[in-house]
Amino acid sequence: MKKRPKQKLSRDEIIRTYKVYIPVVTEKIVKTEMADDGKVTLFVENKGVMNRIFQKISHKPKYSQIHLDEMGSFIWPLCDGKTNIKTIAKKVRARFGKKAEPLYDRLLKFFEIVESYEFMCFMKPAD
């Protein structure tokens, strides 16, 4: 039996679909720190046998630090498991104005990246 190819959605369809989703931070993020300048740093534990070996041999740190840029640092605290992407977009537009444009393309790229590293997942809102 042949598998049906997945139907590719256009960028606009993806954006329209994901506006209602609610981003949630996963357990992979061990700790989050906000510096005095407002920049957010995420801490991720380097787990697994190979990571343990490299930690011993090459003094690799137990935790990796991911430093977010200005916009990412603004978005991250809004991902509280209650706020949907559309609401986050409105707050980003109010804070950054034209600097945030193209807004939904930038948000989609941000969420694609953090989801690819499993730092975040998405919930569909309860109907």
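Some observations on this one:
- Of all residues in the stretch 39-61 being among the β-branched types (Val, Ile, Thr) and under 20 Å from the mean Cα position of the chain (by Cα), the one that is surrounded by the most Cβ atoms within 10 Å (Cβ to Cβ): Val40
To keep it simple, each residue is scored yes or no on (1) in contact with a Pro (Cβ under 6 Å, 6 or more places away or on another chain); (2) crowded, with 17+ Cβ neighbours inside 10 Å; (3) more than 30 Å from Lys47 (Cβ to Cβ).
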position: Ile75; (1), (2), (3): no, yes, no
position: Lys82; (1), (2), (3): no, no, no
position: Ile85; (1), (2), (3): no, yes, no
position: Ala89; (1), (2), (3): no, yes, yes
position: Val92; (1), (2), (3): no, yes, yes
position: Pro102; (1), (2), (3): no, no, yes
position: Glu112; (1), (2), (3): no, no, no
position: Glu118; (1), (2), (3): no, no, no
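- First in the stretch 83-102 and under 16 Å from Glu70 (Cβ atoms), second anywhere and among the basic types (Lys, Arg), Cβ under 6 Å, 6 or more apart: Ala100/Arg93
- Cβ pairs under 8 Å, 6+ apart, first in the stretch 104-115 and farther than 10 Å from Ile85 by Cα, second exposed (fewer than 14 other Cβ atoms within 10 Å of the Cβ) and modelled with pLDDT under 90: Asp105/Arg11
- Pick from the stretch 62-106, criterion among the aromatic types (Phe, Trp, Tyr) and over 13 Å from Lys19 (Cβ atoms), ranking: nearest to the chain's Cα centre (by Cα): Trp76
The values are calculated or read from the model by the stated rules, or taken from the named source; none is laboratory data. Everything quoted here is computed from the prediction, not taken from an experiment. All Cβ positions, even for glycine, are placed from backbone atoms using ideal geometry, and neighbour counts span all protein chains on display.
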